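Encoded as structure tokens, the structure appears first; notes follow it.
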Amino acid sequence: MDQGLAAVLGAAVGAVATGGGALITVRSAGRLQRRQYRRDVYRQFIEAGQKANELQAKVTHPDVDLKREDVSSLRESTDSLEGLLPLVYLEGPDALMVRAQKLTLLGRKIVTVGMCYLLQDWEEADRALTEFRNVRAREDERRGKFEHLGEAYEDALFDFVKKARGHS
């Protein structure tokens with residue numbers, strides 16, 4: 001093999017290696033950027049969920065008198081959580097979507113029951129509590145069932161966080 005051919009082959013191998021390395025770097029950077037965006041979406045959702053959790057704990061606590069502004073604040077917080085759902089749907093796997101939706105629905109249910117309490121619409125409050133599977137407890141006391149709904153919210157938030165940590 002003459003030196004000219006060896007130089008051309010060497011340059012070609014170097015070019016292919018450089019191009020392959022650049023392609024790997026670009027793909028890796030793209031994956032890293034996508035992962036970072038997904039983490040940001042999960043972080044926003046978790047922060048909104050935690051804010052709603054603080055409010056729902058106040059609303060569902062059996063020893064606290066329910067106030068209109070507390071339920072209104074919880075509704076606003078739940079609305080912001082619902083606003084982030086499409087991003088979680090786009091970024092997350094199915095298992096995470098289900099958990100995010102469960103958390104949001106529980107928040108909405110707590111708002112509904114809280115509003116029924118404020119209006120003293122006991123029939124509607126009982127119907128809303130009975131629709132929720134986890135509160136079909138032996139307790140006849142509404143506030144106890146309402147507190148269970150709040151505990152279910154906390155569990156759903158923790159479940160989402162656990163699952164998000166595995167998929168970020």
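Read the figures in this text as sums done on the coordinates, not as results from a lab. All of these numbers come straight from a predicted model, not from anything done at the bench. Glycine gets a Cβ as well: all are built from the backbone with ideal geometry, and neighbour counts include every protein chain shown.
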Counting only other residues whose beta carbon sits under 9 Å from that of CYS116, what net charge do I get with K and R as +1, D and E as -1?
-3
Cross-link pairs beyond the 19 Å C-alpha cut-off, checked among LYS51/LYS145; LYS109/LYS163; LYS58/LYS109:
LYS51/LYS145; LYS109/LYS163
